[in-house]
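**Q** So that we are looking at the same thing, I have put the structure below in structure tokens.
The values are calculated or read from the model by the stated rules, or taken from the named source; none is laboratory data. Note that the structure is predicted; figures quoted are calculated from it, not measured. Methodologically, a virtual Cβ is constructed for each residue, glycine included, from the backbone with ideal geometry; neighbour enumeration extends over all protein chains shown. Surface areas here come from the heavy atoms of the whole protein model, side chains and all, with no ligands, DNA or RNA. Shrake-Rupley method; radii C 1.70, N 1.55, O 1.52, S 1.80 Å.
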Amino acid sequence: MDDLVLYSAGERDSTLLAAPIGQILVAHGFVSAGDLERGLAFQKRFGGRIGAVLVRIGALSESNLLLALSEQLGLPVLGSGDLPPDPAPVLAAMQRSGHLPEWWLDQEAIVWVNAADGTVCCVARDPLSSSLAEAVELAFGAQPVQWWLVPTQELDRMLDTVEQALRQERHNVLDEVSHLRHLAEEAPVVELVSNTLSQALGERASDIHVEPEERRFRIRYRIDGVLHTRLNQPRERYDAVGSRIKLLAGMDIAERRLPQDGRTTQRINGQQVDIRVSALPGTWGESLVLRLLPKERQQLHLEALGMAPDHRGSFSAAITEPNGILLVTGPTGSGKSTTLYAALEAINDGKKKIITAEDPVEYDIVGINQVQVHAEIGYSFARALRSILRQDPDIIMIGEIRDPETAQIAVQSSLTGHLVFSTLHTNDAISAFTRLVDMGVEPFLIAASLRMVIAQRLVRRLCARCAADTEPPSDQILAELQPTIAPEALDRARWRRSIGCTECQDTGYRGRVGIYEMVEVVEPLQEAILHRLPVHEVVEIARSAGVRSLRQDGLVKAAAGVTSVDEVMRVTGLKIAD
């Protein structure tokens, strides 16, 4: 047999100071000096480790060799029956590690289990293998690893038991996958998924949610930012429907324990649609969300965003600056990317080099170099941005500033003559200053580089067919609106409310429009940033400069009959400003 020299990578150097294994064997009388000489001669001719050679020529028993190795390395010896008879703990440990594939059982003959204190207990036939050391380091990271010595027959018994369990598991998985694939290709399932996609696109849905529950699963569409239930089905049909969707998106239908992402392109209702699919394991099965991204779309214009004339003028001026940073803030789904795409198309005159770094690239823009980042392989926004700067760009769009490194590079890029567009997750425009400071950007750099910060949300447009006139809102709401609208405009206000008809699927709304808080970083705000004034003081400075809040801009649109007061309050919150 081979020596079971088992210890972690950090212990190997210290063992060089231990007594040679041959000396220990002779000192304990496990072998004679003559047998050791014969073993060394055999080793010189045929190779191998001296302990294994002595066992092979019959001069030493395996049990005595393990005792000597235990003394040399300071590692305990597992006796007969100490390894778990049930392979379940080993299989569970293999699943938790996630990095060591099953074929390592055959190649490296390694078995490990997780102890209650978090220690990984390992035994292997040849742990001195460099590939084994690298794999263990990758799989277990900072977890402590305890190596044990074990008789060969015990290791072989456990390896055989685990291999049989894996073989049965693979057989079961293959049977299950074959069954799911068969279900997913049945005509009723194919028709249900196709009809769901067609109906969702026809109703202008941005997302489809397929959600399993204990006794049923439901399909919901997100239309104009609000979820609407469209179908309830028995839970028994979910596995077939879910498998059909995962097959279309190129996902592993056998994997239902880990989150997955996939994508596909389908022709639906006569147009090409990119579909991004996310699977998230839950209590009753995987929740599937399908993002629908039609490839054929009209060119975005600033006028289509719904900005008021003063906002559009300020925004148009900001996006034509020669350098600086323009940030768009808001939660996921608030239209930030659409605003930046419209800005890029507005300034894309063919005379400037424009490069974007996005995750994901949602729409292709002719004449612009678009880069897809892949965080899972280390190609982050920061790394992409460093590469982009070597491409001699004039204008850079970063999909999102997520970390201090990206923030620092964006600021430095703006200070070296580049115009930088990006997004940030904050609730309002003023909070962007604090967020950047929290990321480690110095206030003087923020004040010098930022040109404009926009916070935005999307409110639903009233259905033009069924909306009805209504009474003006409460005095509190009118008082909040008055500072931002001329008295004569308020007198001409046309307040309307939602009704519902077949045109809008009885929602009372059709389509969405943006509401904005647009903050130009002028000198008073630069001073406030430099002196790190509290947020509420910065807000007062912005308001005195004429900046409308999100709700005030929404109420302006409600006064124009574009949306309803109820919709503005739903999106911006019910609290009335003091």
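**Q** As an exercise, identify the trypsin sites (Lys or Arg not before Pro) in region 464-500 lying in DSSP coil whose Cβ has no more than 15 other Cβ atoms within 10 Å.
**A** 465, 492, 494
**Q** Given the Cα-Cα distance of residue 27 and residue 474 and 0.36 nm per residue of separation, how much length would full extension add, in nm?
**A** Roughly 151.1 nm would be gained on extension.
**Q** Give 353/557; 246/352; 351/557; 295/353 a once-over and call out the pairs whose C-alpha atoms are over 30 Å from each other.
**A** 353/557; 246/352; 351/557
**Q** Just to be sure I understand the model, the point goes 7 Å from the Cα along the line to the Cβ. What's the resulting residue 488 to residue 415 distance in nm?
**A** The answer from the label model is 4.8 nm.
**Q** For a quick check of understanding: with a 1.4 angstrom probe and all protein chains in place, what accessible area in square angstrom does residue 401 have, to the nearest ten?
**A** 10
**Q** Quick one: what are the phi-derived ³J(HN,Hα) couplings along region 303-311, Karplus 6.51/-1.76/1.60 with θ = phi - 60°, whole Hz, x for glycine and proline?
**A** Per residue, the Karplus-derived 3J(HN,Hα) values read 5, 7, 6, x, 5, 5, x, 5, 5 Hz.
**Q** Also: Enter the accessible area per residue of the chain (Å², integer; probe 1.4 Å; all protein chains in place).
**A** On a per-residue basis, the chain sits at 49 Å².
**Q** DSSP loop (so not H, G, I, E, B), at most 13 other Cβ within 10 Å: list which GluC sites (Glu not before Pro) in region 238-337 pass both filters.
**A** Of the GluC sites (Glu not before Pro), the ones in loops of region 238-337 whose Cβ has at most 13 other Cβ atoms within 10 Å are 296.
**Q** Give me log10 I(q)/I(0) at q = 0.07, 0.09 Å⁻¹ for the chain, Debye formula, one equal scatterer per alpha-carbon, no solvent.
**A** Evaluating at q = 0.07, 0.09 Å⁻¹ gives log10 I(q)/I(0) of -0.65, -0.88.
**Q** Okay, moving on. Rounded to the nearest 500, what is the chain's calculated 222 nm mean residue ellipticity when only DSSP H runs of at least 4 contribute -39500 (n - 2.57) each, over all residues?
**A** Rounded to the nearest 500, it is -12000 deg cm²/dmol.
**Q** Let's test the formula: R0 of 22 Å, r as the Cβ-Cβ distance of residue 352 and residue 391. What FRET efficiency results, to the nearest 0.05?
**A** The pair residue 352/residue 391 has a calculated efficiency of 0.95.
**Q** Are there trypsin sites (Lys or Arg not before Pro) in region 320-412 that DSSP puts in a loop and that have at most 10 other Cβ atoms within 10 Å, and which ones?
**A** 351, 390
**Q** Arranged from highest to lowest average of other beta-carbon atoms within 10 Å per residue, in what order do the peptides 237-246, 443-452 appear?
**A** With the highest mean Cβ count within 10 Å placed first, the list reads 237-246, 443-452.
**Q** What is the distance, in nm, between label points placed 7 Å from the Cα along the Cα-to-Cβ direction at residue 304 and at residue 44?
**A** 8.6
**Q** Further question: Taking amide H atoms as placed 1.01 Å from N in the peptide plane, list the residues 5 or more away in sequence, or in a different chain, whose amide H sits under 5 Å from that of residue 370.
**A** Here 356 satisfy the definition.
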